[in-house]
Structures are given as structure tokens and as C-alpha cells.
Amino acid sequence: MNKDFREIEEKLKSLPKPPLKSSSKSLIQQSLREFNEVYEHQKSTSNSLIKRVGFSLTGAIVIGLFLILLVSDGGENDFYQPHSFVAEAQLKNLKELDKFDRLIKFPTYLPFEVSDIHYEEQYLGPMDVMQDEVHYLYEDDPAHLAIRTFFLSLDESNKQVVEVEQWDVSVHSLLNKNHFREDSLIEMEDGKRGLYFSNGAVQILSWEEDGVTFDIIYSTDPEDWVDGRMVEIPLEELIKIAESFETFKR
Amino acid sequence: MSREKIITDWFTLYSDDIYQFFIYRTGVTEAEDLVQEVYIRAIKGYNSYLGEASPKTWLLTIARNVATDEYRKQKRRKLLLLIKSKEESESTRTDTPELSFVMGEENQLLYEAIHSLKPTFRDVLILRGIKELSVPETSSILGWTENKVRSTFHRAKKALHEKLGGYDYE
């Protein structure tokens with residue numbers, strides 16, 4: 001086996017390492033220069049929808065007021081009010097949700113008609129390697145599992161997906177996200193801070209609420225993309241989806 | 001030195017390394033676009049670069065994040081394909097001719113085997129095996145402990161050996 005591994009290592013080392021074509025380099029460098037100019041301009045004018053929320057005294061007061069409102073609203077939240085959830089009948093069939101004792105929320109609004117949903121869980125936490133197998137050390141602890149629900153549109157002319165991810169905030173918070181940047185924080189209508197990210201392939205709006213990190217991830221069928229990028233929905237639509245979230249009980 | 005000048009220098013110095021990472025990690029077709037994405041993220045995140053890692057390590061860390069996003073994008077694409085008719089859902093590889101050109105016929109089988117492994121195995125095979133980075137460098141890029149780098153590299157080689165199925169892959 002060691003001999004085989006050595007052979008594999010030699011083969012890996014000898015694999016081609018082609019350089020990026022010089023014509024492609026020139027094009028990319030040109031694009032980067034243009035991007036840098038636009039980026040500098042955007043930073044200086046800062047007149048887009050995405051507003052900076054610094055850790056200023058004002059920000060702290062706003063967050064403090066929000067927390068006070070949450071606490072004072074606690075009594076009302078004890079009563080579960082039924083809402084009309086998107087794909088409610090299918091959500092009600094998700095027995096997997098029963099093991100979670102944390103807050104679970106789902107949207108009551110999506111900008112398209114949902115044809116189907118798909119459910120997954122994702123483990124995030126300590127792992128170990130034993131006998132060449134990866135073992136999830138806290139696999140049975142729901143706190144280490146993300147609830148991932150995909151809402152699919154079957155509309156032939158515009159196939160869309162909204163994925164809703166729900167993480168225990170102690171396991172995965174906004175600060176843990178690869179794309180976290182303070183200047184990507186937005187203020188949502190009820191005072192929550194949201195983190196917005198888009199890269200031409202997905203749009204993600206994330207926020208934390210009552211110990212849960214929520215992500216809304218919007219994407220479309222790559223066949224409908226224009227010039228290699230998807231047609232984005234307005235940020236306001238994502239915020240509208242986020243604000244439609246209601247507590248869900250099966 | 002201005003940010004633009006620094007990023008331009010880093011592009012000159014390391015764009016080939018980033019390109020090679022993507023060729024093996026995601027595929028030839030996407031590699032050039034993803035190199036650009038790495039440098040765009042570098043421009044955006046330049047203020048967060050503290051100089052603790054070398055610029056090359058930092059850029060490869062970004063590249064790995066970009067590759068992860070690309071993987072998620074592809075997963076979503078597959079999910080979308082699920083909702084299409086069965087005939088349409090047959091996946092097709094579009095980079096085969098370009099792949100032959102870049103890799104040469106003799107390396108294609110090995111390339112395909114690497115590509116069929118799970119992302120973490122691909123990461124460590126590319127960084128340790130192909131790019132020959134050190135264990136500490138790989139550890140820094142992947143955010144793993146050095147022990148994990150060693151053990152995962154070992155398991156990745158074993159998985160690759162099994163994929164190659166005991167027959168001559170030359």
C-alpha cells in the first residue's frame with residue numbers, strides 16, 4: 001500500500017500545472033480595474049440600499065430598544081397563532097422537525113408559486129476520524145443540525161428556488177459566515193440586522209432571531225441566467241420574505 | 001502602495017496558482033471565472049487581510065471559499081434539474097475537449113478520479129499533492145489542524161487509489 005501511495009504522490013506531483021492564458025489574464029485584469037473603480041466609487045458615495053450599521057452608540061441604542069420590545073412582547077409570543085404558511089401541507093408532514101426544541105419559522109410569503117419542497121439536515125460541529133471513517137461527535141444533538149428546506153417553483157418559464165436554513169446561533173452565527181462584512185449589514189423593518197450577500201449565482205439574506213440564525217438563499221435555474229449571472233430579485237423582495245416568517249409548529 | 005497596485009501585483013504573482021487550484025477543484029470550464037471572483041473578493045476584503053498568512057495562502061483560502069460556494073451552486077443546479085423532465089436531467093460534461101487540451105489524454109483518468117472524490121479530499125490532494133504546499137500552509141488554508149491535514153491526505157490518497165481500481169491509470 002505504501003508503494004501505491006508513493007506512486008500516487010509522484011503522479012500527483014507530475015500532473016500538469018498549466019498557467020492562465022495571457023489573453024485571459026489581460027481580460028481579468030481589465031475587469032478587476034473596472035471593478036475596483038466602481039467599488040471605490042460605491043464606498044465613497046454609499047447611496048445604495050445597503051446601509052452601514054456601525055457599532056456606534058446609536059446602533060447600540062437601536063438594538064437595545066429592539067431587545068426591550070422583544071422582552072415586553074414575550075407574553076403575546078407564548079400563544080401560537082396559526083398562519084398560512086407557504087407549502088403548509090408539506091411542511092406539516094416533516095416529522096423530522098419534531099426533534100428540534102428551538103424556534104422554527106417558515107415564510108408565509110414567497111414571490112412565486114411553490115410546486116414542491118425538499119428537506120435536508122446538515123451537521124456542523126466536532127468530528128473525529130476513527131478507523132478511516134469520519135464520525136460526527138454530536139450528531140444526535142439537534143443543536144448541531146441545520147434545518148434546510150428548499151421551496152421549488154416548477155414554473156417552466158422561470159424555475160426558482162428559495163432555500164431556508166435555520167441554525168442554532170451557538171453553532172453558526174452571522175459572524176461565522178464567510179461573506180460576513182459589516183458594510184453588508186442592512187437594517188430590516190423591525191430593527192433586526194440582516195446580512196446581505198449576492199454573487200451572481202445566489203442572493204442570501206441572513207439574520208439572527210431568538211437563538212436561531214436564519215438564511216434565505218434565492219437562486220434560479222442557470223439556464224435562465226443572462227451573461228453568466230442570474231436575474232436577481234430586488235433586495236426588498238428578500239426582506240419581504242424574511243418579514244413574512246412566522247413561528248411554525250407541526 | 002495603493003490597494004489596486006497590491007492586488008495587481010498579487011494577480012501577477014499568484015493567478016496561475018489560483019487557476020491551477022480551480023482546474024482540479026471545480027473544472028476547467030469554470031476556472032477562469034473563479035480566478036476573477038477570488039480577486040474581486042480580495043479587493044472587497046483587503047482591509048481584513050492582516051498579513052498573518054502569506055498573500056498566496058490568503059488568496060488560496062479565498063479560492064477554497066469560492067470553490068465551496070461553487071459547489072453549493074452546483075448542488076442547487078442539480079436540485080433544479082430534479083424538477084425537470086427526466087430526459088433533460090441527464091447531466092452533460094461540457095469541458096471534455098478543453099480538458100483534454102489542458103490535461104493531455106494521459107492524465108485524464110487520474111484527473112477524473114480526483115474530480116469524483118468529495119470536496120475535502122480534492123482540497124487536500126490539490127494543495128498537498130499537486131501544489132506541494134506544506135502541512136502548515138495547507139492547515140492555514142483549509143482551517144484544519146495539521147493532524148487533520150495529514151490524516152485526511154492519507155485517506156484521500158487511499159480513496160484515490162481505490163477509485164483508480166488497481167488497474168494502470170497511465
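Computed from the coordinates by the stated procedures, all read-outs in this text should not be read as laboratory data. Every value quoted in this text rests on a predicted model; they were computed, and no experiment measured them. Note: ideal-geometry Cβ built from the backbone for every residue, glycine included; neighbour counts use all protein chains shown.
Results, tabulated for the structure shown:
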item	result
Eligible lysines near B:K158 by straight Cα distance, threshold 20 Å, same-chain separation 8 or greater	A:K3, A:K11, A:K13, B:K118, B:K131, B:K148
Label-point gap, in nm, between A:S26 and B:D33 - each point 7 angstrom along Cα→Cβ	2.3 nm
Eligible lysines near A:K105 by straight Cα distance, threshold 17 Å, same-chain separation 8 or greater	A:K92, A:K95, A:K192, A:K240, A:K249
Note, ³J(HN,Hα) from phi for the stretch A:241-250, Karplus 6.51, -1.76, 1.60, rounded to Hz, x at Gly and Pro	4, 4, 6, 8, 5, 10, 4, 10, 10, 6
Simple Cβ-charge dipole of the stretch A:135-216, Lys/Arg +1 and Asp/Glu -1, about Cα centre, in debye nearest 20	300 debye
Sorted by Cβ density within 10 Å, fewest first, the residues A:V86, B:V124	A:V86, B:V124
Listed residues A:A201, A:L174, A:V86: farthest to the positive end of the dipole of the stretch A:83-247 (Cβ charges)	A:L174
Unit charges on C-beta of K, R, D, E only; dipole of the stretch A:83-247, Debye	220 debye
Residue-count net charge about A:N93 - beta-carbon cut-off 13 Å; Lys, Arg +1, Asp, Glu -1	-1
Residues with amide H under 5 Å from that of A:F106, placed H, sequence gap 5 or more	A:E246, A:F248
